[in-house]
Amino acid sequence: KASSAPAAYAAPQCPYATEATPTHQDILINEVAWMGSEQSSTDEWIELKNISGTDIILKNWQLIDKEDQIHFAFTNEVMKRGEYFLLERTNDSSVPNVSSDAIYVGALSNENEGLRLFNQNCVLVDEVLANPSWPSGSINPKRSMERAGDLSWRTYSGQENNLIFGTPKADNSVG
């Protein structure tokens, strides 16, 4: 006998592969510590920034890396306008003294990698590609890769803070 109950809504799983151009609207990938921290190369973290003039509900948004090791699906998080969202790898100790907003599993490769951010309709909102290398950031010392005002990427230029060369959940360095 068929059930008369409505089917539960299942969000689509966005594929990494796309020919689309990023919209660069609402939320950006703002900073990436693909190299980890001075304490450990596994202390990776990814920061998003709400650049819109409104609060954004991230329900069913997805952050995916090239090999699908990272496939983070947002549940019902809300990013207020101008706010940062910090994702830390494996646990909340990747960035000392800064609380993560979410934990992801998987690892970023140091080359031939990429990150893509999709909205709830699988529209490509933003991306950064290591093709073959990341556009910025450094391994020695381990400096994060951060967004400039023109959407280009640059290497963090400030001082070390709690074994971190970057600005998690804070304005990027002057450049």
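The values are calculated or read from the model by the stated rules, or taken from the named source; none is laboratory data. Small disclaimer: the values here were computed from a predicted structure and weren't measured. Cβ coordinates were reconstructed from backbone atoms using ideal geometry, including for glycine residues, and neighbour counts include every protein chain displayed. Heavy atoms of the whole protein, side chains included, go into the accessibility calculation; ligands, DNA and RNA do not. Shrake-Rupley method; radii C 1.70, N 1.55, O 1.52, S 1.80 Å.
Structure values in brief
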{"quantity": "Tabulated pairs, the range 58-84, first over 19 Å from Thr42 (Cβ atoms), second acidic (Asp, Glu) and not in a loop (DSSP other than H, G, I, E, B), C-beta under 9 angstrom, 6+ apart or interchain", "calculated": "Tyr84/Glu31; Tyr84/Glu47"}
{"quantity": "Among (1) closer than 17 Å to Trp34 by Cβ; (2) modelled with pLDDT under 95, the one test that Pro96 misses", "calculated": "(1)"}
{"quantity": "Of the criteria (1) open to solvent by 40 Å² or more (accessible area, probe 1.4 Å); (2) on the phi < 0 side of the Ramachandran plot; (3) of a type in the set (S, T, N, Q), which one Thr90 fails", "calculated": "(2)"}
{"quantity": "Residue check for Ser144: within 21 Å of Thr90 (Cβ to Cβ) and among the small types (Gly, Ala, Ser)", "calculated": "yes"}
{"quantity": "Subset of the range 120-174 that is of a type in the set (A, V, I, L, M) and over 13 Å from Trp34 (Cα atoms) - its residue that is nearest to the chain's Cα centre (by Cα)", "calculated": "Val125"}
{"quantity": "Residue in the range 98-112 that is part of a loop (DSSP other than H, G, I, E, B) and loosely packed, with under 14 Cβ neighbours inside 10 Å present", "calculated": "yes"}
{"quantity": "Answer residue from the range 123-175, given it is open to solvent by less than 70 Å² (accessible area, probe 1.4 Å) and β-branched (Val, Ile, Thr) and is farthest from Glu31 (Cα to Cα) among those", "calculated": "Val123"}
{"quantity": "Condition check for Asn119: surrounded by 15 or more Cβ atoms within 10 Å (Cβ to Cβ) and out of contact with any helix residue (DSSP H, G or I) (no Cβ under 7 Å at 6 or more places or on another chain)", "calculated": "yes"}
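Residues checked against (1) more than 15 Å from the chain's Cα centre (by Cα); (2) open to solvent by 60 Å² or more (accessible area, probe 1.4 Å); (3) under 27 Å from Asp150 (Cβ atoms); (4) not aromatic (Phe, Trp, Tyr):
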{"residue": "Thr23", "(1), (2), (3), (4)": "yes, no, yes, yes"}
{"residue": "Glu38", "(1), (2), (3), (4)": "yes, yes, no, yes"}
{"residue": "Trp45", "(1), (2), (3), (4)": "no, no, yes, no"}
{"residue": "Lys49", "(1), (2), (3), (4)": "no, no, yes, yes"}
{"residue": "Ile56", "(1), (2), (3), (4)": "yes, no, yes, yes"}
{"residue": "His71", "(1), (2), (3), (4)": "no, no, no, yes"}
{"residue": "Glu77", "(1), (2), (3), (4)": "no, no, no, yes"}
{"residue": "Leu86", "(1), (2), (3), (4)": "no, no, yes, yes"}
{"residue": "Pro96", "(1), (2), (3), (4)": "yes, no, no, yes"}
